[in-house]
Amino acid sequence: MVGIPVLAQKLSQIQATIIARCLPDIVRNIDDKLKASISELNRMPKTLASPAEAMAAFMGIVGSAKESLRKILIRGEFDEYVDDYHMHCTARLVEMLNLYSDELHKCSESDPRTNFLVEEIRVLEEAKGIELPNFLPHTAFLSILQRKVEGISRMPIHFFEKVWAYIEKIVQMEKMTDYTCSPEYMNEWNKLMGQLDTFKNRILTYGYSKAEIAGIGEVDAGNIREHQNVLHQAFDLKMKMTAYWKIVLRRLVDYMALQLQFSVQNLVNKEMEKEIVSELMSSHGGAVETMLEESPSVAAKREKLNMSIKLLGESKKVLGNIMDKIATYND
């Protein structure tokens, strides 16, 4: 009735109304995807433009690693691993150190009741020489000390293999000589030697086969009566070794604890960074420049996000122009 031009205009208005109704949702979807892509791109590692930036980023990573190690190995802060008890390192190291101490004190070498005076008598017999009577040869004491230390020498090494590369000099130091400035040694020896007369009366005079010695426990006299000529020396040697062995065990545990703490702090504060930087600078040529290059997967992801952001931005601009034209047309 009014002609094709009027119909065309009417249809254009209907189409524009339908498009205008859909465009806001399309624009919102584009905005959401654009924001998500920009956010993901911002979360990606920053691209490094120079060797100086690469080294600064690298040292930042090393610093973060050192701080994490300080927290779990030195300060005992486990907020990053609240439920992962395996990462509560200070507590676990104390447990291992206590177990190591128990093993040292409970091993056969640390039991003074084992073969009571047998080894002492044998060593004294073999150490005979032209000397004053009732003289205790120093070589006899060292012979027994070296055998006992040798008997436990694998225990400190085995313990430290679990937590660190243990230096064997701690054990070797104890084998080389006998010395302590601790007053506990003389106090303990005097207490033990004060029981000599009681021991001799019970074994030699009354003929008992066993005797109780305070600080050691019940001992079996065995064939001690056959060696009365060296009994005093053997008893003296045994008590010296018993008193001194307590000092040795305490030193081995203390040394280990101190060495462990020193090694951990030295690793975190000095050696780790030194080794990493040394490896970075000397072992691989152009290592700093290599850090400027992104891995293929990261580079591909970055390129994809940049392309997506570009296309979404262009789409948003086109839709904005369409909406402006529709609004003008309707007016």
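The values are calculated or read from the model by the stated rules, or taken from the named source; none is laboratory data. A quick note: this is a predicted structure, and the numbers were derived from the prediction, not measured. Counting neighbours? That spans all protein chains shown, and the Cβs are built from the backbone with ideal geometry, glycine included. All accessible areas refer to the heavy atoms of the entire protein, side chains included, with ligands and DNA or RNA removed. Shrake-Rupley method; radii C 1.70, N 1.55, O 1.52, S 1.80 Å.
Data table
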item	result
Any hit, the stretch 260-267, residues being modelled with pLDDT of 80 or more and either open to solvent by 20 Å² or more (accessible area, probe 1.4 Å) or over 33 Å from the mean Cα position of the chain (by Cα) (or both)	no
Scan of the stretch 70-121 for residues that are under 30 Å from residue 146 (Cα atoms), within 16 Å of the chain's Cα centre (by Cα) and of a type in the set (D, E, K, R), ordered by number	95
So residue 250, is it under 19 Å from residue 110 (Cα atoms) and charged (D, E, K, R)	yes
In the stretch 80-94, the residues that are open to solvent by 30 Å² or more (accessible area, probe 1.4 Å), in contact with a helix residue (DSSP H, G or I) (Cβ under 7 Å, 6 or more places away or on another chain) and hydrophobic (A, V, I, L, M, F, W, C)	87, 93
Residue count, the stretch 23-66 (criterion: among the polar types (S, T, N, Q), open to solvent by 40 Å² or more (accessible area, probe 1.4 Å) and in a helix (DSSP H, G or I))	4
Count - residues of the stretch 191-234 that are part of a strand (DSSP E or B), in contact with a Phe, Trp or Tyr (Cβ under 7 Å, 6 or more places away or on another chain) and farther than 19 Å from residue 119 by Cβ	0
Qualifying residue in the stretch 68-79 (condition: among the acidic types (Asp, Glu), out of contact with any helix residue (DSSP H, G or I) (no Cβ under 9 Å at 6 or more places or on another chain) and free of Cβ contacts under 8 Å to residues at least 40 places away in the same chain)	no
Subset tally (residues that are over 13 Å from residue 188 (Cβ atoms) and either small (Gly, Ala, Ser) or at pLDDT below 80 (or both)) for the stretch 231-251	1
Residue count for the stretch 205-225, restricted to those that are open to solvent by 60 Å² or more (accessible area, probe 1.4 Å) and in contact (Cβ under 8 Å) with a residue 12 or more places away in the chain	6
Output for the stretch 244-277, where each listed residue is within 30 Å of residue 192 (Cβ to Cβ) and either out of contact with any Phe, Trp or Tyr (no Cβ under 8 Å at 6 or more places or on another chain) or charged (D, E, K, R) (or both)	245, 246, 248, 249, 250, 251, 252, 254, 255, 257, 258
Selected residue (only one of 11, 97 is at pLDDT 75 or above and open to solvent by 50 Å² or more (accessible area, probe 1.4 Å))	11
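Table: residues versus (1) aromatic (Phe, Trp, Tyr); (2) at pLDDT 80 or above; (3) open to solvent by 40 Å² or more (accessible area, probe 1.4 Å); (4) not in a helix (DSSP H, G or I).
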| position | (1), (2), (3), (4) |
| --- | --- |
| 133 | no, no, yes, yes |
| 140 | no, no, no, no |
| 145 | no, no, no, no |
| 149 | no, no, no, no |
| 159 | yes, no, no, no |
| 171 | no, no, no, no |
